[in-house]
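Worksheet: the structure to be examined is printed underneath.
Every number here is computed from the coordinates shown, using simple stated rules; none is lab data. Owing to the predicted nature of the structure, the values given are computational and were not obtained by experimental measurement. Glycine gets a Cβ as well: all are built from the backbone with ideal geometry, and neighbour counts include every protein chain shown.
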Amino acid sequence: MFQDGLLKDQTIIVTGGGTGLGKSMSRRFGELGANIVISGRRAEVLDETAQEFSELGINVLTCPGDVRKIEDVELMTKQTIDKFGKIDNLLNNAAGNFISPSEMLSPNAFKAVIDIVLMGTWNCISTVGKEMIKNKKGNVLSIVTTYAWTGSPYVVPSAAAKAGVLAMTRSLAVEWGKHNIRFNAIAPGPFPTEGAWSRLMPPGFDDFEDNMKNKIPMKRFGERHELENLASYLMSDGSAYVNGEVVTIDGGEWLAGAAEFSDLTKLPDSMWEAMAARRKKK
Ligand code: HXC
Ligand code: NAP
């Protein structure tokens, strides 16, 4: 879909780049020529991913650390500049989440998710952002999800934190536009990953996955390459004038949930044909 070398000479930090969607997007950016920096708390996971990337000829740096700790984020920023000389792009992808009735959440459970998603994203933006302001150029992309604006039961801390990330994206798109730094977000619907599925699928609730698929007008989950393509476009200079946007990639799921007559998609064709025949007869 893209020219070889689309992201050549770009340095991209991807938080949570060792697993799941972050890993997939990082690999694609690397294949398109970017230098990749992946962070996460588990050094061994990052090392394994880096090994795979190196075998593909991708320049990769691992920065083990916790986005909740500002000193880890500062170290990641320094190590990136030491190795690659600059930071062009930041992908805020690291997240924490789980399902729980809200009344059962301990204060620490709520705080854990808010600290990773909202504070962690701010730690990265504020630290990397200072470098981008110095360089008078930058591109920050954050992964949210569609319940950032609809809200969702059973994931209240995540919904509140993702809504905060989206508000930050839109606010800074305006405030730091003068520094030639742009801010956008991607809102994926469900894309199967070990990290998400292990925490969000209720065990023993076998129909849950099928029910989720059935709510999506396209009747399937997202495929990784589809997200990789969107992220690569938003990472590239080809989208340089896109600023303050959130792009949904969910097969139409959230609109279907909101639209008044969505349930009519379940009517068989024969029913529509019978209604049309009755109308004509009248
Ligand atoms: C209730 C829970 C819980 C659960 C943890 N806690 N899991 N409470 N239900 N399932 C509570 C703990 O008891 C503790 O509170 C507090 O949360 C912190 O837990 P720790 O395990 O000490 O925290 P930590 O090691 O920092 O781990 C953070 C985490 C964990 C968020 C709890 O799940 C994690 O590391 N996640 C990272 C990866 C991830 O979540 N990926 C999925 C992203 S998917 P107490 O009071 O006991 O101290 C995603 C998809 C969105 O975002 C959209 C889908 C469509
Ligand atoms: P995942 O594999 O669990 O990804 C989360 C990543 O974040 C992991 O690599 C994890 O690595 C890292 N991370 C978590 N806490 C961290 C911390 N405190 N500091 C640094 N890194 C941390 O799940 P995923 O499905 O790929 O999710 C990726 C992103 O997509 C998230 O923002 C998620 O909200 C979003 N999203 C996913 C879906 C979906 O259906 N999968 C849908 C919408 C949005 P460590 O554990 O090693 O730290």
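Annotation: amide H-H contacts under 5 Å for Ser142 (H modelled 1.01 Å from N, sequence separation of 5 or more, or interchain): Asn92, Asn184, Ala185, Ile186.
Can you check what the net charge comes to around Leu75, using other residues whose Cβ is under 12 Å from the Cβ of Leu75 (Lys, Arg +1; Asp, Glu -1)? Neighbour charge sum, excluding Leu75 itself: -3.
If you take the Cα centroid of the stretch 184-232 and the Cα centroid of the stretch 240-257, the two points sit 15 Å apart. About its Cα centre, what dipole magnitude does the stretch 201-282 give when the only charges are +1 on Lys and Arg Cβ and -1 on Asp and Glu Cβ, stated in debye to the nearest 20? With only Lys, Arg, Asp and Glu charged at Cβ, the dipole is about 880 debye. Counting neighbouring beta carbons within 10 Å and listing from fewest to most, the residues Phe2, Phe191 come out as Phe2, Phe191. For Leu32, the shell of other residues with beta-carbons less than 14 Å away shows a net charge of -3, using +1 for Lys and Arg and -1 for Asp and Glu. With 32 Å as the limit, the listed pairs Lys111/Lys266; Lys86/Lys219; Lys134/Lys162; Lys130/Lys219 have Lys111/Lys266; Lys86/Lys219; Lys130/Lys219 beyond it between alpha carbons. Loop-located trypsin sites (Lys or Arg not before Pro) across the stretch 85-185 with a Cβ neighbour count of 10 or fewer within 10 Å are Lys136, with loop assigned by DSSP.
Checking every one of the trypsin sites (Lys or Arg not before Pro) in the stretch 191-266 against DSSP loop status and a limit of 12 other Cβ atoms within 10 Å picks out Lys219, Arg220. Dipole magnitude for the chain: about 1000 debye, using +1 per Lys or Arg Cβ and -1 per Asp or Glu Cβ, origin at the Cα centre. Calculated mean residue ellipticity at 222 nm for the chain: -14500 deg cm²/dmol, from DSSP H runs with n ≥ 4 weighted as -39500 (n - 2.57), summed, divided by the residue count and rounded to 500.
For Trp122, neighbours were defined as the other residues whose beta-carbon sits under 12 Å from its Cβ, and their charges (Lys and Arg +1, Asp and Glu -1) total 0.
Compute the long axis of helix 43-55 from its Cα atoms, compare it with the longest principal axis of the Cα atoms of the chain, and write down the angle in degrees, 0 to 90, nearest 10. Tilt relative to the chain: about 90 degrees. The GluC sites (Glu not before Pro) found in the stretch 176-275 that occupy coil by DSSP, while having at most 13 further C-beta atoms within 10 Å, are Glu223, Glu260.
Distance between the C-alpha centres of the stretch 36-84 and the stretch 121-139: 17 Å, rounded to the whole angstrom. Between helix 224-235 and the chain there is an angle of about 50 degrees, using the helix long axis and the longest principal axis of the Cα atoms.
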